[in-house]
Amino acid sequence: MNGIKPDVIVNGHSYRWPLKPTVVICIDGGDPEYFDLYLSQGLLPNLANIIQQGFSATAKGTMPSFTCPNNMSIITGTPASQHGISGNYYLDTHTWQPVVMTGADLLRGDTILGNFAKAGAFVVSITAKDKLRKQLGKGLTPGARQISFSSEFAGQCTIADNGIEHVLELVGMPQPEIYSQQLSLFVLEAGLKLLQMYSPDVMYLSLTDWVQHKYAPEDAQAIDFYIKLDHYFGRFLESGAVLALTADHGMSDKSDAHGAPNVIWLQDMLDAQLGAGVAQVICPITDAYVGHHGSLGGFVRVWFRESFDLALVLALIAQIEGVESCYSKVDACRIFDLPIDREADIVVVAQKQYCIGSSALKHDLSGLHGDRLRTHGGISEAVVPFIISAPLRPEFLNNAHNADLNSYALFDYVLNKTGAV
Ligand SMILES: [Zn+2]
């Protein structure tokens, strides 16, 4: 209890009722490098202020360092072993078809927003890409006090599906393009308008990483985007919110000195070594929009259609240039806290400067338009900011600075460990 209403229990963990509107923002692809560089240059005055007055650290994100697993970890307060979403895709070994993992039915357990809504809170969930909307909205009954939509389909919102309509008019921005910084800025502008209109209790805003895939921290376009983000941070605070900021994953440059991507074509290599089709490589970064990364990430899964020599295959993969580590199913689940029933026979993680694909022929890199490939998925992109605008209560402060923070604890920190007792 915090004197207002009883705590809300979500997946066995209790959360205090927010004293002020609490806005959690997941900056997709928000590698700490961007914040660090711009803070050092004095470009982010509002963030600097938040860090000075509140709490700031880096945290461990969920592996693989992709969007869906991390958003689900944050929104449920649990690791992937519990919520079950370990990528955008897994392979159904009954049909040998990749299955998209974005349905609400595949998400195990409850969401923090969903249980707060059931307890009577006004909750808002806005995501840039619609692929996250169903899982983020799990447990919500769209209506006057339960709003859930994506900026991707902002123009099509209905009360029945989203709890809101006429969103473009309300936000005062045109429907944003899918590959644009506007897709993220629309989420923030919509969140700000709803905050000012309704003072919701809990809000979750999830952006998209198009900017970070395309632009390095030094690039003018990235600087421009982050200055705009900082402007929004200031406006959220002025409008009475407590802000909590994190990222789903970081972002690394994975091209060589000539600008060509450093790709391990793992399916081609395994076909050559083991025979065609014995192993099947799945790239769990794949979704409907792959123009900016060509489905190349730092983490892939390998399933085998027949029995195989685990030690031999692990040894074979481990010596490929650019491979950081490879694991058996059991080891991958133990080390990365992953759900074993959705895990492959082998998991392969790339070094920071490399990414892993399946067959060269299956990846369309034309969407990069010759730009350097920047992407994520590995351990090197699993470090994320963990920033709260309110100070932690003293009893938690030392612990938090020394602890191995997990980004999925962000709601726990902002709701349970800040403010007066
Ligand atoms: Zn991405």
It is to be established whether one or more residues within segment 291-303 are surrounded by fewer than 15 Cβ atoms within 10 Å (Cβ to Cβ), of a type in the set (A, V, I, L, M, F, W, C) and within 16 Å of the ligand (Cβ to nearest atom). no
Scanning segment 213-254 residue by residue, the ones that are away from the ligand (no atom under 16 Å from the Cβ), over 15 Å from Gln182 (Cα atoms) and either out of contact with any Leu (no Cβ under 7 Å at 6 or more places or on another chain) or assigned to a strand (DSSP E or B) (or both) total 10
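Residues are listed down the side, and each one gets a yes or a no for (1) on the phi < 0 side of the Ramachandran plot; (2) among the aliphatic types (A, V, I, L, M); (3) in the same structural domain as Ser65 (by TED's automatic domain parsing):
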residue: Gly322; (1), (2), (3): no, no, no
residue: Tyr327; (1), (2), (3): yes, no, no
residue: Val330; (1), (2), (3): yes, yes, no
residue: Val348; (1), (2), (3): yes, yes, no
residue: Gln351; (1), (2), (3): yes, no, no
residue: Gly370; (1), (2), (3): no, no, no
residue: Ala390; (1), (2), (3): yes, yes, yes
residue: Pro394; (1), (2), (3): yes, no, yes
residue: Tyr408; (1), (2), (3): yes, no, yes
For segment 194-212, what are the residues that are within 16 Å of the ligand (Cβ to nearest atom), β-branched (Val, Ile, Thr) and not in a helix (DSSP H, G or I)? Thr208
Filtered residues of segment 150-163 (kept if touching a residue at least 24 places away in the same chain (Cβ under 8 Å) and either assigned to a helix (DSSP H, G or I) or not charged (D, E, K, R) (or both)): Ser150, Ser151, Ala154
What residue, of Ala48, Ala80, is over 30 Å from Ile285 (Cα atoms) and modelled with pLDDT of 95 or more? Ala48
Answer yes or no as to whether Phe304 is within 21 Å of Thr62 (Cα to Cα) and either touching an Asp or Glu at 6+ places or on another chain (Cβ under 7 Å) or not assigned by TED's automatic domain parsing to the domain that holds Tyr179 (or both). no
Selection from segment 179-236 of residues that are within 23 Å of Glu33 (Cα to Cα) and charged (D, E, K, R): Asp209, Lys214, Glu218, Asp219, Asp224, Lys228, Asp230
Among the residues that make up segment 392-406, is at least one of them of a type outside the set (Val, Ile, Thr), assigned to a loop (DSSP other than H, G, I, E, B) and over 22 Å from the mean Cα position of the chain (by Cα)? yes
Tell me, please, whether a residue that is among the polar types (S, T, N, Q) and part of a helix (DSSP H, G or I) can be found in segment 91-98. no
Output the residues belonging to segment 183-211 that are of a type in the set (S, T, N, Q) and either surrounded by fewer than 20 Cβ atoms within 10 Å (Cβ to Cβ) or touching a helix residue (DSSP H, G or I) at 6+ places or on another chain (Cβ under 7 Å) (or both). Gln196, Ser199, Ser206, Thr208
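The values are calculated or read from the model by the stated rules, or taken from the named source; none is laboratory data. All figures in this text were calculated on a predicted structure; none of them were measured in a lab. Please note: Cβ atoms are built from the backbone with ideal geometry, for glycine as well, and neighbour counts cover all protein chains shown.
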